[in-house]
Amino acid sequence: MFLTGDINVGKSTIINNYLSLIKYDNVSGFKTLPFYENSDLKGYYMEDLLEENLVHNKKMGFLEKNVTNIDKKSIVGINEYHGLGKKCYGFPINYDEYGVKILKKSFFSSANIIIMDELGFFERKSKKFTKEVFKILKSDKRVLGVIKKRRNEFLDGVVNLENVKVIEVTLSNRDKILDEIILEWGI
C-alpha cells in the first residue's frame, strides 16, 4: 500500500502514526529524510530502519540531521542552486549499493512490514534498486510506503502492479487514512 499526494500533506506522518501503534521490531525498510548544512536543505539520505530502530522513540521521531553526521553512502539526492532556481540530483550508485543492501536485508528479515518512504524520481536510473523494489512488491511481503505524485517509467510500473494499492492523501481525507490502514492490516 502506497500513499501519494502533495508535498507536506501528511503522508509520512500517517505512516509514522501507524508504526507507533505496532511493534516497531516488526518493521524494516527505509525512510528518505532531509539533511541540512547551515540551516539550508542540502539534500536527502536513506535511513535503514533495521539499523536505526533502536535509537528512535516510540512515536518514530526523526531528527533533522546536519550534513556532518550523514554517512556519504546513504545520500540519495542533493540540492544545488543554479542561477535563480534549485536543481535536485539523485545518486543512482548509492541506491544501487546502499539501497539494495537495505531492501535485500528487509526482504530476508522476519519483519511483518517493509517501509518504502519514499519512492520518487531520484531512483529512476538505479536499475538494481528498482529491480529489488519490484521483487519485494511482487512477493507476499506487506509494503507501506510513500510514492511521489509525479510520474516516470519506474513509478508507473509500481502503480500499475496488480497487487499495489495507492491512496491519494488530501487535506480533507488525511485524518481517515490511518483508519483505512488499520482496517486492512490491523494493529
- With 138, 125 as the choices, which residue is touching a strand residue (DSSP E or B) at 6+ places or on another chain (Cβ under 9 Å) and in contact (Cβ under 8 Å) with a residue 12 or more places away in the chain? 125
- Note on the structure: Across (1) in contact (Cβ under 8 Å) with a residue 24 or more places away in the chain; (2) open to solvent by less than 30 Å² (accessible area, probe 1.4 Å); (3) farther than 21 Å from residue 45 by Cβ, residue 186 clears everything bar (1)
- State yes or no: is residue 149 open to solvent by 40 Å² or more (accessible area, probe 1.4 Å) and in contact (Cβ under 8 Å) with a residue 12 or more places away in the chain? yes
- Note on the structure: Scanning region 1-49 residue by residue, the ones that are open to solvent by 40 Å² or more (accessible area, probe 1.4 Å) and either among the charged types (D, E, K, R) or in contact with a helix residue (DSSP H, G or I) (Cβ under 6 Å, 6 or more places away or on another chain) (or both) total 7
- In region 164-180, how many are of a type in the set (A, V, I, L, M) and loosely packed, with under 12 Cβ neighbours inside 10 Å? 1
- Task: Answer with yes or no whether residue 110 is within 16 Å of residue 13 (Cβ to Cβ), open to solvent by 60 Å² or more (accessible area, probe 1.4 Å) and either touching a residue at least 60 places away in the same chain (Cβ under 8 Å) or in a loop (DSSP other than H, G, I, E, B) (or both).
- Result: no
- Residue check, residue 155 in a helix (DSSP H, G or I) and modelled with pLDDT of 95 or more: yes
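The values are calculated or read from the model by the stated rules, or taken from the named source; none is laboratory data. Every value quoted in this text rests on a predicted model; they were computed, and no experiment measured them. Reconstructed Cβ throughout: ideal geometry from the backbone, glycine too, with neighbour counts over all protein chains shown. Heavy atoms of the whole protein, side chains included, go into the accessibility calculation; ligands, DNA and RNA do not. Shrake-Rupley method; radii C 1.70, N 1.55, O 1.52, S 1.80 Å.
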